[in-house]
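**Q** Just passing along the structure, written as C-alpha cells.
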Amino acid sequence: MNEKIGVYVCECGPNIPDRIDIDKVLAEVSVIDGVKTAKKFGLLCSPDGKNFLEEDIKKEELTHAVIAACSPRDHEQTFMTVAVKAGLNPYLTQLVNIREQCAWIYSDKQEATRMAIKSIRAGISRVKHHLSLTKKELEMNPDVLVIGGGVAGVEACLSLAGTGRRIYLVEKAEELGGTVSKLGALIPHQGTAVDLFGEKIDRVRAQDDIEVITGHDVTSARGFLGNFEIEIEPQGDSSEIRNLQVGAVVIATGFGLLSSEHLDTNNGEKNPNIVSALEFESMLAQNAVVGKDGKPPRSVALIHCVGRAELGYCSKVCCLYMIKYAHHLKSMDASTKVTSFYTDLCLPDKSDQAYYDEAVKQGIRFLRSDAPSIQSAEGQVTVEYSTGGGKSASEKFDLVVLAPAMVPGEDTARLADMFNLPLDDTGFFKEIHMMLDPVATPIEGVFVTGCAMGPRNIPETITQSQAAAGKILGSLIPGRKLEPEVKVSEVRADFCTGCQTCLTVCFYAAISFDESRGISVVNEAICRGCGSCVGSCPSGAIRAKHFTYPQIYREVLEILS
Amino acid sequence: MKEKGKPATQDISPKNSFMSASYPAGDGFAKAIRAVLTKALDDQVFEAVMMPLKVPKTEAFAWTLLDDTKLLEHASPLPPVMTIQGGKALSELTKHGELIERTAVLLRPCETRAAVELFKLKQINLENITLISIDCPGAVPLSDYLSDPENQARKFQDLMEENGDEDALRPVCRICDKFSIPAPAEGGMEEGGHAADVHIGFLGQKGKRLLLFPLTEKGRTLVEGLGLKAESPENSWETAVQTMTDARRKNRQAFNKDFLSRISGPDPFSEMFDACINCHNCMRACPICYCQQCYYDSEAIRLPSENYLERAKKRGGLRFPLDTLLFHLGRMSHMVLSCVSCGACEDACPASIPVGQIFSLVGDQTQSSFEYVPGINRLQPLPLQAFREDEFCEVEIPCECGEGQAPSEVNKNA
Amino acid sequence: MPSVLNIKKGVEEGLRLFLESLLREKKVAGVFTLRKTNDEGAAAYTLITDPEHMQQAVPLYPLMPMNAGKALSSHTLGSASEAPLAAIVRPCEMRAFTELIKREQGHRDNLLLISVSCAGVFPLSSLSNGTLSQELPDYWESAQNAEIPAFLRPTCAACEHFLPFQADITVGVLGQKELNKECNLFLNTTKAEEMAEGAPGSITSGELETPEIQAVRKERMAERRKLFEPFTAQDYGLSGLVQTFAPCLSCHGCSTICPICYCTLCDFDSKTHEYQPTSYSIELDQKGGMRIPPGTLFFHTGRMVHMAVSCVNCGMCSDVCPVNIPVATIFSKVGDALAEEFEYVAGRDAEEELPLGTYKADEYSDIGE
C-alpha cells in the first residue's frame, strides 16, 4: 500500500462542470486510501493542461495517475505520453470517462456526480493493480514477397518499388502476365493486354530492387509480420529449395474458371462449336472464328452466367466481355446474328451502359432467361431458353460462346492452409472486412489482392494492389523497428498443461506450441490482445496483460458496491 | 475456420458385428489375461504393460507399469473397485511425451473413454500405446469395499460370472450402457476412430473363453502377434451385450427422470451440496480435470481480504469455505461435455454427496445438445473447439438448417 | 483465578446469547461460527453479520467441516480484519491459525478469539452414516463427565492440548458441570473483559483445570500412546508405510484440507515432480515395474517434511481420505517427535519462532561440529 495516486479531473471546458459537482468529487476521492492528491484543471489535453499534468506528476512523486476526463478513444494516448515525459510508466495510468459516460448521459446533477465518483473510485481500485508494461522492439525486414505475376502481382511490385526494400515476385508459370495476358482486346479501351500491360511487365523486370522468379511454387511459410521465412522451389523439384526472408506477403494468385465440360463435351468428345470465353479469345487472336463446318458462323449465341446459380455469385466481368465479343462479331460481319442470353446484366462502371446501348443499336439481341440448355444438333447447337410465364423457345446457332463463372485459383486452398488464412463460403480468400478493410487478412503482414479474393475487374485489381502496397509502405519502414502491441496475452509456464485449447481459438494464429517444454507460447508480435485464449483456458494459465483478474475484479467490485 | 463436424449418434449398440479371436479361459478370467500378457511380453509383441496389480499384503490395487512378467502374478485386470481412474493414470504416464517402450494398457471402458478425451486434450500421447478395453460389469463403491473387502470382492465376482446383484454396484455403474465396445450405429467406425485398439470380451461366454476383438491396425498387430486370427463374430457375446445394454438403458432413462426431479431448481440443487466441505477430492479424482492448478484454486476466484465482511453483510452471513457451489458449477461448465460417467468423483467424496450421479445427469443432457458422445471416437473433435454453423438454432439468427427463429421471435415467446 | 461470565442457560444457548449481544450492540461487526446448513445435521462455518441469523448458529456443534484456522487465514490474508469480529474455534483450529500467522498467512488484530475446553468432534463420516445424530446426546454427557467416547475422531481421543492457548475467551465444556443449565465463559484477556461488559449474565470466577480435566488429560495421553503404538520405526518402518499408503489415490485431499498446507500450488502438484518418458524407461530397466502415478509415498513424506513441525493434530486429513488411510495418526506421531526434538509445540505461543527457521548455535551438536 505504498501508492501515491494522483487523481486529475478535467473540466473539459464547460462540458463537465455543468453536469458534475467537481469539488464534491475531489473532496470524496482525495480521502481514498492511496490517493496523494486530487486536482482539477480546465482542459487537460491543451498544451497548458499537459504541462500542468507533467509537472504535477513529478512534483507529487506519483506512482500512479488517474485522469477523469473524456473517452479513452480521444485522449488515452495523450495522457500516456505525458506520463512517459514525467517519468511514469504509461501503463500505470487510467483514463476514466466522466464525459460521455457520465456528464453527457445523466440529466440530474446529483446522479451524475454520484456516478462520476463511483467511476473514479473504480479507476483508482483498478490502477492500484496495474503493472509497469514496456513496449518491446522487434527487428523487421522491410522486404516483400509477391506471389503471382499477373496484373495484381505486377501492380503491387511497381507500387512497392523504389522504396528502399527488396521485392520478390514469385510466379509459378514461366511467363508473367497471368490470365489477362491470354486476353485480346480489353474493354473499354480496346487496347490488348500486351499493349496495356506489356510496359508494366517490362518495368518490373527492369527494376533493380525487384527479383522476378518464374517457374517456382511457394512451398512453406513461417513467421509473422516483419519476420517471415518462406521456402520456394522450382515446380516439382524439391531439391532446389530456396529461402526467402521477408516482412510482408502479398498474395495475388488470381482465379480459375469453372469447367464447362458438362456443356461442351459429349461422350468424351469436345464439341468445336461450343467454346468457353478463353477459347474464344484465342480464336479471336488467331483470326479463326469458325463454326463446326470451319466457316465463319452466321449465328452466334453468347451464354452469360454459366455456373452463377449453382455457385451463388455473379462473376462481374463476363457481361462486359460478352458485349465485347458481340461487337467484334458484328465488326467482322455485320450480318452475323448475335444473341446474348443472360440471367442478369451486370453493368457497374460509368461507361458500361453506353457500351451496352451501342450493342443493342447494332442489332445484338439480349434475351433474359434462366439457365438456357444447350444441345448439339448436326453441325449446329440448339439453345433452349425460357421466354417468361413458364414458356420456352429454342433456336439453332452455328457457334455458342460460354461465360463460365470465376472460381478460386487452384493454389488458393493450399496457400490458405500455409498462411493460416480463412476462406469464405465460395472458397476465395476472405478479407478482414469486406467494406472497411478489403485487402488485409487476419494474419498481420499478409495481404490478398485481385481475383484471388473474388471476381474483380482490372481497375479494382489495380486499386487493391496499390492499397496493399500502401499498407505495407506505411507499416514496414526500412530502418524502423516494429513495436508490437503491449496489451497482449501471456502464458504462465508453470500452469500450462499443453492442452492447446488456446491454439484452437486463436483467430490470428498468434499462439504456437513449444514441443520441448510442452506449453503454449504467445507470439507477442502478432497477438492482438482479443482475450479469446484467456477465456478458453480452463485453468487460467493464460493471462491478458493490462486486463488481469485483479484489475477487472477490483474495477467491477467498486462499480457494484 | 468453419468445420462441419459429424454429429455422433447416441445409439451405440454394436449393430455391426465385430470379428473376434477366441482364447481359452477355463482356469479363470484373471489367469487367462495373465497368460495372454505374459506371452505377449515374452514374444515382444509389446515391451511393457500398464494395468492394476494387487499390492501384496493389502487389499489395495495400484496401477503398475511393468515389463517383468513375474510381477504379473499380482495382476488384477478388472479390480472390484475403481481406484485411480485409468485414464488419469495413463495421462500421468504420457503427458510429457510418448513412451519409449511399446506399452499395452488395460482399461475399463469408461477409463478408455476418459483416455480418448484426454488424448483430444493433448494430455495423453497414444504413440507406442496399445489400448485394451475389457467388458465391465461395473465396480462396487469404494467405501463399501474398504469396510468389507472380502464380501465385496465376492459380490463382484458373482457379477463377473453374470449371476450377481447389480444393487451391489455403484449408482453410475447401474445406469451405464457403454460397458463394452462403443460404436456408432450406421456405417461402422471410420479408420482411426476407435477408442480402444483391442477389446476383450467375456460376457455370455460362461467363463470358458475370452474373445479378443482387434479394432485398429495396432490391435490387429497385437492379435496376430499372439498367433490368433479374428475371423468370426460371436453371437453369444453379441446377445449378452445387447441384453445388458437394453437393461442398462432402461435404468438410465428411469434414473434421468427420477434424479432430475430431485435436483431441479436452484434450491434442490444447492441442497445437494449442503454437506460439501469444498475439499476438491472430486476434481482431483476426475480424469478430465487436467489443469495444473484448478481455476477454482487460483487467484482468479480468491476474494480480497477486505471484501469478506462486505460480502457477508449483503446476505447477513458468508459461508466458509467460500464459493462451494461456484466450484461445482464452474467445474461442471469446464468438463461436463467430456464427462464419461465413471463415478471416480463420487467414490472420492468424503461427505457422501452423489456428485457422480449429478454430473452424469448433466453430462448426458448437455452432451446430447451438442450431439457429442465423449470418448467413443478419437476423430470426433471436442464440441467447444469445433465450430458448426448449424448449431443452437434456437438462440442464433436463422441458420442454414432453416429451423431457427430470429432472436426477436425467441424473445416474443419467452 | 480468571474471571468468568456465567450465563444461566445451557452452554450452547448461553454462548449464542452472548454472541448475539455482541452483534446487536455492534461490539463486533460479525461472528464466525458453525451454522446449520440443513435439517439432516450438516453444518458449515459462517461469518454471520445479521443478529437474526444467530438463531441458526450452533457454535459448539461437534463437527469440524473444515479447520477454522484455514478460514480465518483466508479472511485475514492481506490484512487484519477491518472491523472487530468474534470467532468461535476449537483449540487445534486456533493453533493452526497461530502457525499460519507465523508464516505471514493471517493477522490476529481485531479478532476476538473464543475457544473451548474441547471435548472433541465426530468424524465427517458420522454425518452420512447416521452416527452423529444418534450419539449426539451421549456426546454431551461424555463431555460433561470428561470421558472419551468411542465415536470421537481418533485424533480427538488422543489429544492432550484440549485447553486453548492464548484465546481471549474459553468456553467451559470438558468436565464442566451441568452443561444444560450453565454456560461459563472464561475471560482470559482484557479485551475479553471489555467485550463482556454489559453482556447478559454475571461475572464470577472459576477454574478450567478441574480434577476431571487432569484425569482426562492422562487418559488422552494414554490413548495417544495406544494410537501410535503400531507405528514404531523398528517394527513398522518403511514397509509399513508402503502398506498403509498402498490404497492411496494421490488425490491430495489431505493437503488440500490441511490448515498448515497453504501453498497456492503444492510443489508435489507442480511440474517439478512430473516424470519424463525417459524416467519411466530407466525405472523399468532398473526395477522391472513401478507404480503409476509415481511418487505416491514421496508426496506424503515430502509433505511431512514441509509441515509436520506445525501439525496441530486436528485430524481433518484422515476424515477427508477416501480410502481411510490413518494419515492424521502418522503425521501427528511425527509431529509429536519433532515437538520433542525442538521443544516446540505448534501454536502454543504466537511469539515463539518456527524451529526450522530459527538458528540455534547449541543444537544438534552431536551431528557435525
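**Q** Per the helix-only calculation at 222 nm, which mean residue ellipticity applies to chain B, given -39500 (n - 2.57) for every DSSP H run of n ≥ 4 and division by its residues, nearest 500 deg cm²/dmol?
**A** Calculated from helices alone, the mean residue ellipticity at 222 nm is -11000 deg cm²/dmol.
**Q** Please list, in order, the residues from segment A:529-546 whose amide nitrogen is less than 20 Å from a point placed 7 Å along the Cα→Cβ vector of A:Gln77.
**A** Flagged as within label range: A:529-530, A:546.
**Q** So for each of C:301-311, A:513-523 I average, over its residues, the number of other beta carbons within 10 Å; can you give me the resulting order with the highest mean first?
**A** Going by the mean number of other Cβ atoms within 10 Å, highest first, we get C:301-311, A:513-523.
**Q** Right, next: So, R0 is 56 Å and r is the distance between the beta-carbons of C:Ala361 and A:Trp104; what FRET efficiency does that work out to, to 0.05?
**A** 0.20
**Q** In terms of Cα to Cα distance under 27 Å, which lysines are near enough to A:Lys182, apart from those fewer than 8 places away along the same chain?
**A** Qualifying lysines at Cα under 27 Å: A:Lys172, A:Lys200, A:Lys270, A:Lys292, A:Lys295, A:Lys316, A:Lys324, A:Lys330, A:Lys337, A:Lys350, A:Lys430.
**Q** Here's something else I'd like to know. Compute the distance from the alpha-carbon center of segment C:6-42 to that of segment C:288-317, in whole Å.
**A** First find each Cα centre; the distance between them is then 38 Å.
**Q** Relative contact order, percent, of chain B when contacts are C-alpha pairs under 8 Å separated by at least 6 residues? Mind showing how you got there, number by number?
**A** Values: 694 pairs, mean separation 89.6, N = 414.
The value is 22 percent.
**Q** Another one. Mind checking A:415-428 for the average number of partner chain beta-carbons within 10 Å of each residue's beta-carbon?
**A** 1
**Q** Could you tell me how many degrees, from 0 to 90 and to the nearest 10, lie between the Cα long axis of helix A:352-361 and the main elongation axis, the longest principal axis, of the Cα atoms of chain A?
**A** So the helix axis and the longest Cα principal axis differ by about 20 degrees.
**Q** Evaluate E = 1/(1 + (r/R0)^6) for C:Ala150 and C:Asp109, where r is the Cβ-Cβ distance and R0 equals 56 Å; express this FRET efficiency to the nearest 0.05.
**A** On the way: r = 41 Å, r/R0 = 0.73.
Working from the Cβ atoms, E equals 0.85.
**Q** How much net charge surrounds C:Thr76 when only the other residues with a Cβ under 15 Å from the Cβ of C:Thr76 are counted, with Lys and Arg +1 and Asp and Glu -1?
**A** So the environment of C:Thr76 carries a net charge of -1.
**Q** Taking the Cα centre of the protein assembly as shown as the origin, how large is its charge dipole in debye, to the nearest 20, when only Lys and Arg (+1) and Asp and Glu (-1) carry charge on their Cβ atoms?
**A** In debye, rounded to 20, the protein assembly as shown gives about 1600.
**Q** Let me ask another. What 222 nm value per residue comes from the helices of chain C, counting each DSSP H run with n ≥ 4 as -39,500 (n - 2.57) and dividing by all residues, nearest 500 deg cm²/dmol?
**A** The helix-only estimate for chain C comes to -11000 deg cm²/dmol at 222 nm.
**Q** Where in segment C:308-369 are there chymotrypsin sites (Phe, Trp or Tyr not before Pro) that are in a DSSP coil and have at most 16 other Cβ atoms within 10 angstrom of their Cβ?
**A** Taking segment C:308-369 and a limit of 16 other Cβ atoms within 10 Å, the loop chymotrypsin sites (Phe, Trp or Tyr not before Pro) found are C:Tyr359, C:Tyr364.
**Q** As a check on your grasp of the helix formula, calculate [θ] at 222 nm for chain A: sum -39500 (n - 2.57) over DSSP H runs of n ≥ 4, divide by the residue count, round to the nearest 500. Show your work: numbers first, answer last.
**A** Details: 16 runs with 169 residues, N = 561.
When only DSSP H runs of four or more count, the value is -9000 deg cm²/dmol.
**Q** Then there is this: Determine the sum of side-chain charges near C:Cys118: Lys and Arg each +1, Asp and Glu each -1, restricted to other residues whose C-beta is under 13 angstrom from that of C:Cys118. Walk me through the intermediate numbers first.
**A** Values: positive: C:Arg90, C:Arg95, C:Arg153, C:Arg217, C:Arg220; negative: C:Glu93, C:Glu160.
Local charge sum for C:Cys118: +3.
**Q** Compute the long axis of helix C:296-307 from its Cα atoms, compare it with the longest principal axis of the Cα atoms of chain C, and write down the angle in degrees, 0 to 90, nearest 10.
**A** Between helix and principal axis, roughly 50 degrees.
**Q** Moving to a separate point now. Can you classify chain B as rounded, prolate or oblate using the Cα gyration tensor, where a ≥ b ≥ c are the square roots of its eigenvalues, rounded means a/c under 1.5, and otherwise it's prolate if a/b beats b/c and oblate if not?
**A** Numbers: a/c = 1.76, a/b = 1.40, b/c = 1.26.
Taking the square roots of the gyration eigenvalues as a ≥ b ≥ c, chain B is prolate.
**Q** What net charge do the residues around C:Pro62 carry, taking every other residue with its C-beta under 15 Å from that of C:Pro62, with Lys and Arg at +1 and Asp and Glu at -1? Show your work: numbers first, answer last.
**A** Numbers: positive: C:Arg35, C:Lys36, C:Arg90, C:Arg153; negative: C:Glu12, C:Glu93, C:Glu135, C:Asp138, C:Glu141, C:Glu147, C:Asp319.
With Lys, Arg at +1 and Asp, Glu at -1, the net is -3.
**Q** Which residues' amide hydrogens lie under 5 Å from the amide hydrogen of A:Glu211, considering only partners 5 or more residues apart or on another chain, with H built in the peptide plane?
**A** Under 5 Å from the amide H of A:Glu211: A:Ile167, A:Tyr168, A:Leu169.
**Q** If the only charges are +1 at each Lys and Arg Cβ and -1 at each Asp and Glu Cβ, what is the size of the charge dipole of segment C:93-199 around the Cα centre, to the nearest 20 debye? Intermediate values should be presented prior to the final figure.
**A** On the way: 8 positive and 15 negative charges, 56 e Å.
The calculation lands at about 260 debye.
**Q** Partner chain Cβ atoms within 10 Å, averaged over the residues of C:250-261 - can you pull that number for me?
**A** Across the residues of C:250-261, the mean count of other-chain Cβ atoms within 10 Å is 4.
**Q** Follow-up. Would you calculate the separation in nanometres between label points at C:Gln134 and A:Arg205, each defined as 7 Å from the Cα along the Cα-to-beta-carbon direction?
**A** Simple spin-label model gives 10.1 nm for this pair.
**Q** How tilted is helix A:549-560 with respect to the longest principal axis of chain A? Cα atoms for both, answer in degrees (0 to 90, nearest 10).
**A** The helix A:549-560 is inclined about 70 degrees to chain A.
**Q** Shape call for segment C:3-226 from the C-alpha gyration tensor, a ≥ b ≥ c root eigenvalues: rounded (a/c under 1.5), prolate (a/b greater than b/c) or oblate?
**A** Rounded is the answer for segment C:3-226, as its axis ratio a/c remains below 1.5.
**Q** Further, regarding this structure: Counting alpha carbon pairs within less than 8 Å and at least 6 residues apart, what relative contact order, in whole percent, applies to segment B:266-369?
**A** It comes to 36 percent, rounded to a whole number.
**Q** I've got another one for you. State the Cα centre-to-centre distance between segment A:207-262 and segment C:334-356 in whole Å.
**A** 72 Å
**Q** Hey, another quick one. Largest first and to the nearest Å, give the Cα extent of segment C:324-369 along each principal axis.
**A** Extents along the principal axes, in whole Å: 44, 28, 14.
**Q** For the protein assembly as shown, what proportion of DSSP beta bridges, expressed in % and rounded to the nearest 5, is antiparallel?
**A** 55 percent
**Q** Something else: Sorted from fewest to most neighbouring beta carbons within 10 Å, what does the list B:Asp297, A:Asp494 look like? Before the final figure, lay out the partial values.
**A** Details: B:Asp297 20, A:Asp494 13.
The fewest-first ordering by Cβ neighbours comes to A:Asp494, B:Asp297.
**Q** Here's another thing I want to ask about it. Specify which residue in the list C:Ser310, A:Ile374, B:Thr216 is farthest towards the positive end of the charge dipole of the protein assembly as shown, using unit charges on the beta carbon of Lys, Arg (+1) and Asp, Glu (-1), about the Cα centre.
**A** After comparing all options, I get A:Ile374.
**Q** Full extension from B:Glu271 to B:Asp43: what is 0.36 nm times the residue separation minus their Cα-Cα distance, to one decimal in nm?
**A** Computed gain between B:Glu271 and B:Asp43 is 76.4 nm.
**Q** Tell me, what is the percent relative contact order of chain A, built from C-alpha pairs under 8 Å that lie six or more residues apart?
**A** Relative contact order, chain A: 14 percent.
**Q** Another one. Would you work out which of A:Pro455, A:Gly34, A:Ala416 lies farthest towards the positive end of the dipole of chain A? Charges go on Cβ: Lys and Arg +1, Asp and Glu -1.
**A** Sorting the options by dipole projection puts first A:Gly34.
**Q** Another question, if that's okay. Check C:Val116: other-chain or 5+ apart residues with amide H under 5 Å from its amide H, H built from backbone geometry?
**A** C:Val171
**Q** Moving on to the next point. So if I take the alpha carbon set of segment A:261-404, get Rg, then get Rh from the Kirkwood formula, what is the Rg over Rh ratio?
**A** 0.94
**Q** So for the pair A:Asp237, C:Ile282, with labels modelled 7 Å out along Cα→Cβ, what separation do we get in nm?
**A** 5.0 nm
**Q** Quantify how much of the Cα-Cα distance distribution of segment B:127-213 extends past 22 Å, in percent.
**A** 39 percent
**Q** If you take the square roots of the eigenvalues of the alpha-carbon gyration tensor of segment B:224-293 and sort them as a ≥ b ≥ c, do you get rounded (a/c under 1.5), prolate (a/b over b/c) or oblate?
**A** Working: a/c = 5.37, a/b = 1.67, b/c = 3.21.
The shape class here is oblate.
**Q** Sticking with this one: Among DSSP beta bridges lying fully in chain C, give the percent that are antiparallel, nearest 5.
**A** Rounded to the nearest five, the antiparallel share is 65 percent.
**Q** Among A:8-17, A:63-72, how do they line up from the highest to the lowest mean number of other beta-carbon atoms within 10 Å? Each step should come with its number before you reach the end.
**A** Working: A:8-17: 19.6, A:63-72: 24.5.
Result, highest mean Cβ count within 10 Å first: A:63-72, A:8-17.
**Q** Roughly how many nanometres apart are two label points built 7 Å out from the Cα toward the Cβ at B:Ser333 and C:Leu297?
**A** Between B:Ser333 and C:Leu297, the label points sit 4.4 nm apart.
**Q** To continue, here is another question. Find the Rg to Rh ratio for the protein assembly as shown, where Rh is the Kirkwood radius over alpha-carbon pairs and Rg uses the same atoms.
**A** My calculation puts Rg/Rh at 1.05.
**Q** Please name which of B:Gly356, B:Tyr308, B:Leu318 has its Cα lying farthest along the dipole of segment B:250-384 towards the positive end, using unit charges on Cβ (Lys, Arg +1; Asp, Glu -1) and the Cα centre as origin.
**A** Value computed over the given set: B:Gly356.
**Q** Taking each residue in C:63-71, count the Cβ atoms of any other chain within 10 Å of its Cβ, then average. What number comes out?
**A** Per residue, the average neighbour count from other chains is 3.
**Q** If you don't mind, there's one more thing I want to ask. Dividing the alpha-carbon Rg of segment C:228-357 by 2.2 N^0.38 Å yields what?
**A** My calculation over the Cα atoms of segment C:228-357 gives 1.15.
Read-outs throughout are calculated quantities, based only on the coordinates presented, and are distinct from any laboratory measurement. In this text, all values refer to a predicted model and were calculated from it rather than measured experimentally. Positions of Cβ are generated from backbone atoms using ideal geometry, with glycine treated the same way; all protein chains shown enter the neighbour counts.
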